[in-house]
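J.: Once you've had a glance at the structure underneath, I'll fire off some questions.
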Amino acid sequence: MNIPHLDLKKLNAPYAEEMKRAAAEVIDSGWFLNGKRVAEFERQMSEMHGGAECVAVSNGLDAIRLIASAYIKTGRLKPGDEVIVPANTYIASLIGLTEMGLTVVSAEPDPITLNLDTNRLGEYLTPRTRAVMVVHLYGNPCWDRQLMDFATENNLLIIEDNAQAIGAQAAVNGLNGSCLTGTLGHAAAFSFYPTKNIGALGDAGAVVTHDSELAKAVRALANYGSDRRYHNIYTGYNCRMDELQAAMLTIKLHHIDEEIERRNKIADIYDREIANPLIVKPSATPGTTHVWHQYVIRSAHRDALREYLTDKGIGTDIHYPTPPHLQPCYTDLRHAPLPITERLATEELSLPIGSVTPEESTYIATTLNNFTARLLSFEDI
Ligand SMILES: *Cc1c(COP(=O)(O)O)cnc(C)c1O
């Protein structure tokens, strides 16, 4: 057996022929930026997200930067304002905010959902708190009544980092499972990095929001700050999505339901078949639909388990081995103690889910079940 954690060639194979034709059309068109393919992709995203506006951008980090910058340019946030962010997220969630001068306040996750512990949000509130960034980590929606009440009571913006959860759903005001992540808060950042559930053949991202003033600012900022040709209302950036990526993404977005279904099937097999007291399986947040960007198990013997799986030909990954607050670039990040985040970083292990077959996932589950304390070396115990 040789099962990589993710095989991008295999993942894209069903779309490869259609993609090659679309790429040839873009080349032949001679039109590479700000064209009809980006417009079509934005229309498709908007339609999928209940009519919210979509601005196609260069990548997920830029989507977050542009949201932060647009809130500042439109006067709704200012440098120094505090944003509560889950401490166990991918570092890009933070970079997009701190680079724009916002202050990140790292908050502990719930060790079961691996998302922000919404019961503890009050601990991080100060007179300077202006926003919460929810990250739907691993494809699991971070959304519940406590979060909504906390944001409303304290007049906070909710920014969604939806890089890992396109197509996931959460209940809003009792509408069970009917709202897509990316439309739950005030503005959302999407990533189409090649390994994401809908991946481009390079970098790409998007901002989705029902706030048309914000969308307008994001659109201008992504294009040098110009609202129309040779007219600059801001000193902006160059964060555009190109026509080639838009053409690729339009193809894949048509098949998002099958992609989600495929991942759910594998997650169901893992849920059903993995049974080992040394392993904790992930759980979806009640009232939401998970899209399984990653299937992240936990074990106190993570490193030994990973080595054991490697020996059996099973590739795994660690999301994420070092939390942002322990990175050399963030030594100045002030934060309360984060013992849960730090423990999770030593226990989490991501199993193959994006490109495995049901048969392979059954083999992986059986192999996991055969991992026993007997297989641990002295140092692991
Ligand atoms: C991938 C990712 C990003 C960054 O997206 P890029 O397109 O790689 O810039 C941001 N946040 C999270 C949670 C991600 O997983």
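The values are calculated or read from the model by the stated rules, or taken from the named source; none is laboratory data. Because the structure is predicted, anything quoted here is derived from the model rather than measured. As a convention, Cβ positions derive from the backbone with ideal geometry for all residues, glycine included, and neighbour counts pool all protein chains shown.
J.: Looking only at region 310-364, count every residue that is in contact with a strand residue (DSSP E or B) (Cβ under 8 Å, 6 or more places away or on another chain), in a helix (DSSP H, G or I) and more than 19 Å from Asp268 (Cβ to Cβ) and tell me the total.
T.: Final tally of qualifying residues: 6.
J.: Among the residues of region 265-309, which ones are assigned to a loop (DSSP other than H, G, I, E, B) and within 30 Å of Arg145 (Cβ to Cβ)? So that I can check it myself, show each step before the final result.
T.: As a first pass, look at region 265-309 and keep what is assigned to a loop (DSSP other than H, G, I, E, B): 274-279, 281-287, 290-294, 299-301.
Residues satisfying the conditions are Lys281, Pro282, Ser283, Ala284, Thr285, Pro286, Gly287, His290, Val291, Trp292, His293, Gln294.
J.: For Tyr193, which of the numbered conditions (1) within 17 Å of the chain's Cα centre (by Cα); (2) more than 16 Å from the ligand (Cβ to nearest atom) fails to hold?
T.: With respect to (1) within 17 Å of the chain's Cα centre (by Cα); (2) more than 16 Å from the ligand (Cβ to nearest atom), Tyr193 is out only on (2).
J.: Another question, if that's okay. Looking only at region 251-280, which residues are touching a strand residue (DSSP E or B) at 6+ places or on another chain (Cβ under 6 Å) and closer than 14 Å to Ile364 by Cβ?
T.: Residues of region 251-280 that are touching a strand residue (DSSP E or B) at 6+ places or on another chain (Cβ under 6 Å), as a first pass: 267, 270, 279-280.
Of everything in region 251-280, those that are touching a strand residue (DSSP E or B) at 6+ places or on another chain (Cβ under 6 Å) and closer than 14 Å to Ile364 by Cβ turn out to be Ala267, Tyr270, Ile279.
J.: Separate question: Can you name the number of the only condition in (1) assigned to a strand (DSSP E or B); (2) surrounded by 18 or more Cβ atoms within 10 Å (Cβ to Cβ); (3) more than 15 Å from the ligand (Cβ to nearest atom) that Ser178 fails?
T.: That leaves (2) as the condition not met.
J.: Do you know which of the residues in region 70-90 that are away from the ligand (no atom under 16 Å from the Cβ) and of a type in the set (A, V, I, L, M) is nearest to Asp211 (Cα to Cα)? Give the derivation first.
T.: Initial filter on region 70-90 (away from the ligand (no atom under 16 Å from the Cβ)): 70-82.
Within this subset, residues satisfying the condition of being of a type in the set (A, V, I, L, M) are 70, 72, 77.
On the way: Ala70: 11, Ile72: 14, Leu77: 15 Å.
Looking at the filtered set, the residue picked out is Ala70.
J.: Being among the hydroxyl-bearing types (Ser, Thr, Tyr) and either assigned to a helix (DSSP H, G or I) or within 18 Å of the chain's Cα centre (by Cα) (or both) is true for just one of Thr126, Thr152. Which residue is that? Spell out the reasoning first.
T.: Numbers: Thr126 fails: either assigned to a helix (DSSP H, G or I) or within 18 Å of the chain's Cα centre (by Cα) (or both).
Selected residue: Thr152, the only one of Thr126, Thr152 that is among the hydroxyl-bearing types (Ser, Thr, Tyr) and either assigned to a helix (DSSP H, G or I) or within 18 Å of the chain's Cα centre (by Cα) (or both).
J.: Right, something else. Checking Ser93 against (1) within 16 Å of the ligand (Cβ to nearest atom); (2) surrounded by fewer than 22 Cβ atoms within 10 Å (Cβ to Cβ), only one condition comes out false. Which one?
T.: Going through (1) within 16 Å of the ligand (Cβ to nearest atom); (2) surrounded by fewer than 22 Cβ atoms within 10 Å (Cβ to Cβ) one by one, Ser93 breaks only (2).
J.: Taking region 155-167, which residues are within 13 Å of the ligand (Cβ to nearest atom) and in a loop (DSSP other than H, G, I, E, B)? Don't jump to the end; show me each part of the working.
T.: Narrowing region 155-167 to residues within 13 Å of the ligand (Cβ to nearest atom): 159-166.
If the condition is that a residue be within 13 Å of the ligand (Cβ to nearest atom) and in a loop (DSSP other than H, G, I, E, B), then Asn162, Ala163, Gln164, Ala165, Ile166 are the ones that fit.
J.: Can you name every residue in region 196-220 that is within 16 Å of the ligand (Cβ to nearest atom) and acidic (Asp, Glu)?
T.: Looking only at region 196-220, we keep the residues that are within 16 Å of the ligand (Cβ to nearest atom), and these are 196-208, 218.
Of everything in region 196-220, just one residue is within 16 Å of the ligand (Cβ to nearest atom) and acidic (Asp, Glu), namely Asp203.
J.: Among Ala188, Ala217, Ala170, which is in contact with a Phe, Trp or Tyr (Cβ under 8 Å, 6 or more places away or on another chain), under 30 Å from Asp149 (Cβ atoms) and at pLDDT 95 or above? Quick ask: steps written out before the conclusion?
T.: Working: Ala188 fails: in contact with a Phe, Trp or Tyr (Cβ under 8 Å, 6 or more places away or on another chain); Ala170 fails: at pLDDT 95 or above.
Selected residue: Ala217, the only one of Ala188, Ala217, Ala170 that is in contact with a Phe, Trp or Tyr (Cβ under 8 Å, 6 or more places away or on another chain), under 30 Å from Asp149 (Cβ atoms) and at pLDDT 95 or above.
J.: For region 214-256, name all the residues that are touching a residue at least 24 places away in the same chain (Cβ under 8 Å), within 19 Å of Ala187 (Cα to Cα) and in a helix (DSSP H, G or I).
T.: Selection gives Leu214, Ala215, Ala217, Val218, Arg219, Leu221.
J.: While we're on this one: Criterion first (crowded, with 17+ Cβ neighbours inside 10 Å and farther than 22 Å from Gly167 by Cα) does Val26 satisfy it?
T.: yes
A quick yes/no check of all residues on (1) surrounded by fewer than 16 Cβ atoms within 10 Å (Cβ to Cβ); (2) among the small types (Gly, Ala, Ser); (3) more than 18 Å from Tyr138 (Cβ to Cβ):
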position: Ile297; (1), (2), (3): no, no, no
position: Pro323; (1), (2), (3): no, no, no
position: Pro337; (1), (2), (3): yes, no, yes
position: Glu348; (1), (2), (3): no, no, no
position: Ser361; (1), (2), (3): no, yes, no
position: Thr372; (1), (2), (3): yes, no, yes
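J.: In this structure, is Thr126 out of contact with any helix residue (DSSP H, G or I) (no Cβ under 7 Å at 6 or more places or on another chain) and either more than 10 Å from the ligand (Cβ to nearest atom) or among the aromatic types (Phe, Trp, Tyr) (or both)? Explain how you work it out, then say what you get.
T.: On the way: out of contact with any helix residue (DSSP H, G or I) (no Cβ under 7 Å at 6 or more places or on another chain): yes; either more than 10 Å from the ligand (Cβ to nearest atom) or among the aromatic types (Phe, Trp, Tyr) (or both): yes.
Taking the combined requirement at face value, the residue satisfies it.
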